[in-house]
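What follows is a set of notes on a single structure, which appears directly below.
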Amino acid sequence: DGYDYDSVQVPVLIDIDWNGVPRRLMLWANRNGYFYVLDRVTGEFLTGTPFVKVNWSSGLEENGRPIPTPQPAGSPTWPGNQGGTNWYPPSFSPSTELFYFSAWEDYATIYRPAPAVYSPGRAFLGGGFDVLTPTPGAPSVGIGRTTPINNWTDAVGRGTVMAMDPRTGEARWKYEQFDVSDGGMLTTASDLLFTGGREGHFHALDAATGELLWKASLGGQIVMAPVTFMVDGRQYVSVISGHTLVTFGLRD
């Protein structure tokens, strides 16, 4: 795994009509930048599309295997070693029939043309691999950091919450955030989507359109999927922000 795209992302199992035929499918947004749909009974590869910029691969073979296109040593590689998404729990809504997940588009310099030099106080990986120092001349912005962890592809790079149509492999909508969007997704039967991110904001979005309906600043990073539960007939939503568990309930 020369790009650090270990595939530990969470697959989601769904039952929908596919080309007019009921099928049991698996949806998977992969760290390598591709979104996959498989028949979970037979393992048949049905479709695969990139959901962020991808230059390490020129596309997918008929069986879904990526076609590698190695870059020159020291070149920016998209997506970066953090991937186009990661382990954050996605969600599928049977109501909207959309797949929701966190996505981000950044690059990493996988192999450096010169040996890495140890600097006290900075991450050191032993040489030959760098995600903190951009290639000379390449654009980079570290949102909210003195030492950028992410090398964004433009001056206003953002993470996004993405709603994917599994039948077409196209994004139905995107909700942009100012930092990496690595919170998980919670969808409800009332077509709400709850999520958060490193900015510390907790959002309620319209699951069909992506419209922001409500937002609260919780003061700490959110890197988990919210949960919902009922107590005495009243519904609550809980999420961890930093080291604090925060719970919201609907007003009477």
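The values are calculated or read from the model by the stated rules, or taken from the named source; none is laboratory data. The model shown is predicted, which means the values in this text are computed figures rather than measured ones. Don't worry about glycine lacking a Cβ; one is built from the backbone with ideal geometry, like all the others, and counts go over all protein chains shown.
Going through Pro22, Pro70 one at a time, which residue ends up being part of a loop (DSSP other than H, G, I, E, B) and surrounded by fewer than 17 Cβ atoms within 10 Å (Cβ to Cβ)?
Pro70
Can you run down the residue pairs with Cβ atoms below 6 Å, 6 or more apart or on separate chains, where the first is in the range 28-49 and in contact (Cβ under 8 Å) with a residue 24 or more places away in the chain and more than 18 Å from Ile67 (Cα to Cα) and the partner is surrounded by fewer than 20 Cβ atoms within 10 Å (Cβ to Cβ) and among the charged types (D, E, K, R)?
Short answer, once both residue conditions are applied: Arg40/Arg24.
I'd like to verify a number: residues in the range 32-65 that are farther than 19 Å from Phe92 by Cβ, under 19 Å from the mean Cα position of the chain (by Cα) and crowded, with 17+ Cβ neighbours inside 10 Å, how many?
Of the residues in the range 32-65, 7 are farther than 19 Å from Phe92 by Cβ, under 19 Å from the mean Cα position of the chain (by Cα) and crowded, with 17+ Cβ neighbours inside 10 Å.
Name every residue in the range 88-114 that is modelled with pLDDT of 90 or more and either aliphatic (A, V, I, L, M) or surrounded by fewer than 20 Cβ atoms within 10 Å (Cβ to Cβ) (or both), in order of residue number.
Selection gives Pro89, Pro94, Ser95, Thr96, Glu97, Leu98, Ala103.
Could you run through the range 191-206 and say how many residues are in a loop (DSSP other than H, G, I, E, B) and at pLDDT below 95?
Of the residues in the range 191-206, 4 are in a loop (DSSP other than H, G, I, E, B) and at pLDDT below 95.
In the range 207-219, which residues are buried (at least 16 other Cβ atoms within 10 Å of the Cβ) and either part of a strand (DSSP E or B) or touching a Cys at 6+ places or on another chain (Cβ under 9 Å) (or both)?
Selection gives nothing.
Could you give me the residue pairs with C-beta distances under 7 Å whose first residue belongs to the range 193-215 and is within 15 Å of Gly183 (Cβ to Cβ) and in contact (Cβ under 8 Å) with a residue 60 or more places away in the chain, whose second residue is buried (at least 22 other Cβ atoms within 10 Å of the Cβ) and of a type in the set (Phe, Trp, Tyr) wherever it lies, and which are 6+ apart or on separate chains?
Matching pairs, first to second residue: Leu193/Tyr100.
Check off (1) under 24 Å from Val12 (Cβ atoms); (2) at pLDDT below 90; (3) of a type in the set (Phe, Trp, Tyr) for Trp78 and give me the number that stays unchecked.
Going through (1) under 24 Å from Val12 (Cβ atoms); (2) at pLDDT below 90; (3) of a type in the set (Phe, Trp, Tyr) one by one, Trp78 breaks only (1).
Answer yes or no: is there a residue in the range 231-242 that is buried (at least 20 other Cβ atoms within 10 Å of the Cβ) and of a type in the set (A, V, I, L, M).
yes
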